[in-house]
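Engineer: Below you will find the structure I want to go over with you.
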Amino acid sequence: MSPRSVLFVCLGNICRSPVAEGVFKAALVQRFGASEAARWKVDSAGTSGYHTGEEPDPRSQASARLHGVDISMQRSRPFSAADFEDFDHILVMDSSNHVNVLALTEDPAARAKVALMLDASFPEQNKPVPDPYYGGEHGFEQVYQLLAQASEDWLDRWA
Ligand code: 4NP
């Protein structure tokens, strides 16, 4: 498959989308090997700037680490309209992220890049990746599992 660019988006860019970025990069390495994976551009962002510059939530880091994925080097940054030009695919975690991202462009080609993260696994169900921020550790493991499966399903779809 020719390399592509993918941006994962949630609200704070500290819980869900950093795990999505990490697990997707790990899936690329596993599928294609490190040198091919390095040709992809993979990043994450938040629709809010509340946590700009912060590390991923410690609970996200811990749940990713349990599965061998290190996301500690990531730092939160806000989504911007320039991202529509810089990425082929913009995968959002929930319908609120979806509304907030689409509000930044009228361009049909840009809008067509945006999809819900779980659309590949559960087509046309508008299923969200639940926000684990106010919940317990179990929520983070559930999020990890959903994101790992979704990464595989998007890669299958793009193959
Ligand atoms: P995320 O989770 O969107 O998955 O990064 C959240 C992080 C922070 C907040 C909400 C959700 N917050 O309200 O600060």
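The values are calculated or read from the model by the stated rules, or taken from the named source; none is laboratory data. The structure presented is a predicted model; accordingly, all values stated were derived computationally and were not measured. With ideal geometry, Cβ positions are generated from the backbone for all residues, glycine too; neighbour counts draw on all protein chains shown.
Engineer: Output yes when any residue across the range 55-72 is farther than 17 Å from Gln145 by Cα and hydrophobic (A, V, I, L, M, F, W, C), and no when none is.
Structural biologist: no
Engineer: Cβ-Cβ below 7 Å, separation at least six or inter-chain, first residue in the range 119-146 and farther than 25 Å from Arg157 by Cβ, second among the charged types (D, E, K, R): which pairs?
Structural biologist: Glu137/Arg59; Phe140/Arg59
Engineer: Please state which of the following conditions Glu137 fails to meet, knowing it meets all the rest: (1) at pLDDT 95 or above; (2) more than 16 Å from the chain's Cα centre (by Cα); (3) within 16 Å of the ligand (Cβ to nearest atom).
Structural biologist: (1)
Engineer: Checking Ser2 against (1) within 12 Å of the ligand (Cβ to nearest atom); (2) modelled with pLDDT under 95, which single condition isn't satisfied?
Structural biologist: The number of the failed condition is (1).
Engineer: Between a residue in the range 45-67 that is more than 27 Å from Phe84 (Cβ to Cβ) and any residue that is part of a helix (DSSP H, G or I) and hydroxyl-bearing (Ser, Thr, Tyr), which pairs come within a Cβ distance under 7 Å, given they are 6 or more apart or on different chains?
Structural biologist: Ser63/Tyr144; Ala64/Tyr144; His67/Tyr144
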